[in-house]
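Structure, as C-alpha cells:
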Amino acid sequence: MAARKAGEVHKKYFNRNIRVKTKGTSINLVTAADTEAEKEIVSLIRSYFPKHNFLAEEETYKKIDSEYTWVIDPLDGTSNFSYGLPIFCVSIALLKNNEPIIGVVYDPMRDELFSAQKNCGAYLNREKIAVACASKLKEALLITGFYYNRGKDMVANLERIRIFLSKRIIGIRRLGAAALDLCYVACGRAAGFWEFTLSPWDFAAGMLIVREAGGMVTGRYGEDITLKKSFIAASNGKIHNAMLEVLK
C-alpha cells in the first residue's frame, strides 16, 4: 500500500517540469516527488507501526528503542525522473535486528510490484519469480551503475566494464535505478549486477528479493552486506564467483 501511494506521487509529478534541487554534490538531485513520496510512506507506515525506526534517504528520523527499522528510498532513479526517463521506483524494506525480512520495490510506470518475505520466495505482481539460468559469463547480460563519485571509483568501474566485455558477455546495461537493477536480476532479466557504492536504502529491499528468487548478493570479496554504504555484487548465483574474479 505504501509503495503504491508513493507511485501515485511519482506519476503526479512526472513530466510536469518540476523544480529540481541538488544535495551534497551538484549531480545528486532531489525533487518534490522525492520528499512528498517519503512523507506519504513514513506517515502511512507510522499509522500502523508507531514504535518502529525509519532510515530514509531524504530525512533523518529520531532513533527509538525498537528491533524493527524501515529502510526507504522514496524515489530511486531521481536523475532519470527529472529528465523524463521512465526508469525509477520506490524501495521499501523492513529490517529486524538489521536483517531484511520484507522487501518491496514498485515501478509505477510499468505497474510492476516486486516483493519478498524472508524464507517465502520472491514475486512480481503476485507471480513467483526466479533468477536467470546463465551458468557462464559469456551467457550473461549484466547491469552496472555509477555512484555520484566521478573519481577513482568511476575509473575502476570503467576498467571492470572493459574486462567483462573482453570476456564476450552478452552485454552491459546502465539503467540508473539500483533497486530496479536488483529486481531485474531477481526475475531473470539480467544475470548479474554490480555497483561500487550504494546506500542501504538503494539495496535493502532488492537484496532480499534477489536472495528469495534464488540469487546471491555479497560485497566485492564475497563478504556479507551490512547496513552502510557498500559495494554490491548480485547475481543468479551460478556466475557469482566469476563476477567476483573480475570485480576484485
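Derivation of every value follows stated rules applied to the coordinates shown; laboratory data play no part. The model shown is predicted, which means the values in this text are computed figures rather than measured ones. Positions of Cβ are generated from backbone atoms using ideal geometry, with glycine treated the same way; all protein chains shown enter the neighbour counts.
Here are the numbers for this structure:
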| read-out | value |
| --- | --- |
| Ascending count of other beta-carbon atoms within 10 Å, so fewest first, for Cys133, Cys187 | Cys133, Cys187 |
| Restraint check, Lys96/Lys128; Lys96/Lys229; Lys5/Lys229; Lys51/Lys128, Cα-Cα greater than 29 Å | Lys51/Lys128 |
| Per residue convex hull volume, Cα atoms of the stretch 97-195, in Å³ | 128 Å³ |
| The stretch 147-196: mean projected area of Cα convex hull, nm² | 3.6 nm² |
| Farthest positive-ward along the stretch 42-153 dipole, Cα basis, beta-carbon charges - from Ile45, Met109, Cys133 | Cys133 |
| Value of relative contact order over the chain, rounded to a whole percent, pairs C-alpha under 8 Å and six or more apart | 17 percent |
| Overall form of the stretch 196-248 per C-alpha gyration tensor (a/c, 1.5; a/b vs b/c) | oblate |
| Of the GluC sites (Glu not before Pro) in the stretch 200-248, those whose Cβ has at most 11 other Cβ within 10 Å and which sit in DSSP loop | Glu223 |
| The chain, dipole about Cα centre (Lys/Arg Cβ +1, Asp/Glu Cβ -1), debye to the nearest 20 | 520 debye |
| Descending Cα extents along the principal axes, the chain, whole Å | 50, 40, 32 |
| Derived scalar couplings ³J(HN,Hα) [the stretch 54-71; Karplus, 6.51 cos²θ - 1.76 cosθ + 1.60; whole Hz; x for Gly, Pro] | 9, 10, 9, 6, 8, 10, 9, 10, 4, 7, 10, 7, 8, 7, 10, 9, 8, 10 |
| For the stretch 1-146, alpha-carbon Rg over 2.2 N^0.38 Å | 1.13 |
